[in-house]
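Here, each number is a calculation from the coordinates, and none is a lab measurement. Source: prediction; values computed, not measured. Cβ placement follows ideal geometry from the backbone for every residue including glycine, while neighbour counts extend to all protein chains displayed.
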Amino acid sequence: MRKSPMPEKLSDDDSQKNRESRKGAILRLIILTLGMVINSGNPAQAEPLQGRIEHSQKLPAVNKMLKPGIHYDETANKPMSNAWVRIPAWLAGVWGTKEETAVFRENYQNGMSSREHRTFTAKSKFAYGKQVDKTGQIWHYVGVPYTSDTQMSGLIEYHQVLDKNVTQQSANKAVVRTKVIVIKVRKPSGSINETYQQESITVYTFNPAEDQIQMDSSTKAFGADGSPISLTRNLARIHRVSAFKVVDEEYGRDLKSLFHQFLLAQGLASLVPD
């Protein structure tokens, strides 16, 4: 019987080379593993909001009559419509904030980002809920699309609110999503100085034990052409100022009548309150 050849014995030099080769392979594996761990803790993308709600990647370009250099035509202002959204009972009422904390900022134009937390004064008061239907559900008047304006030094800033909706994700969580076109107009010439768009996603999480809301708000800015400019994310604790009350009239609008008209137009006659 023919014997299998014995394996060739390695020389001392060859053994040393093999040991060094194995050490090198192990070292490369350690470096690769460390790199994967480090990279996994620093994702390239900004962290999404609670519930993984994502912003639009891009928005449609604004109307050419709203671009910088064009004379702003106030007849382009959008009158308020008769739009309503249903809201959870806990969100209804008057709420207030004292401060907010910026937790993330990213500039898409230069690639710079920051996760430094910065708390700043942001006193505000706002209300949700205007009318109650026959079943006891509370509705909020949004009136989109509409235009509001703010007088500033040398400028008028117009906000064309295109869309605003409220969706309830769970018993104690609601999401408010808003799209706005911001037009800054020079005074007194009336020429448009700057136009950009904003998409805001705000997650409200209700804490019934403290009757407070944790706000997680993300705002993404887009150019007039719809390309992304920046992203900011703020957190705040919101306290209740007063309980919900039905509002039949506000700023000269008959909300009670408008609500009835809305329900009838939507084929919801059974929800019209007595």
Calculate, for Glu194 and Gln266, the FRET efficiency according to 1/(1 + (r/R0)^6) with r their C-beta to C-beta distance and R0 41 Å; round to the nearest 0.05. 0.65
Tell me whether segment 78-271 comes out rounded, prolate or oblate; compute the Cα gyration tensor, take square roots of the eigenvalues as a ≥ b ≥ c, and use a/c under 1.5 as the rounded threshold. oblate
Take Lys134 and Ile70, extend 7 Å from each Cα along the Cα→Cβ direction, and tell me the distance between the two endpoints in nm. 4.6 nm
Per the charge dipole of segment 78-271 (beta-carbon charges, Lys/Arg positive, Asp/Glu negative, Cα centre), the residue among Ser230, Val142, Ile213 reaching farthest to the positive end is Ile213
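What length, rounded to one decimal in nm, is gained on full extension from Asp211 through to Met152, with 0.36 nm per residue of separation minus their alpha-carbon distance?
Stretched fully, the Asp211-Met152 segment lengthens by 17.6 nm.
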Work out the length of the dipole vector of segment 78-271 about its Cα centre, built from +1 on the beta-carbon of each Lys and Arg and -1 on the beta-carbon of each Asp and Glu, and round it to the nearest 20 debye. 100 debye
Mark the label point 7 Å from the Cα of Ile53 along Cα→Cβ and return the residues of segment 190-232 whose backbone N is within less than 13 Å of it. 199-206, 214-220
With respect to the cross-link table entries Lys58/Lys130; Lys64/Lys187; Lys220/Lys245; Lys78/Lys187; Lys134/Lys245; Lys130/Lys184, which display a Cα-Cα separation exceeding 24 Å? Lys58/Lys130; Lys220/Lys245; Lys130/Lys184
Based on other C-beta atoms within 10 Å, arrange Val241, Val132 from fewest to most. Val241, Val132
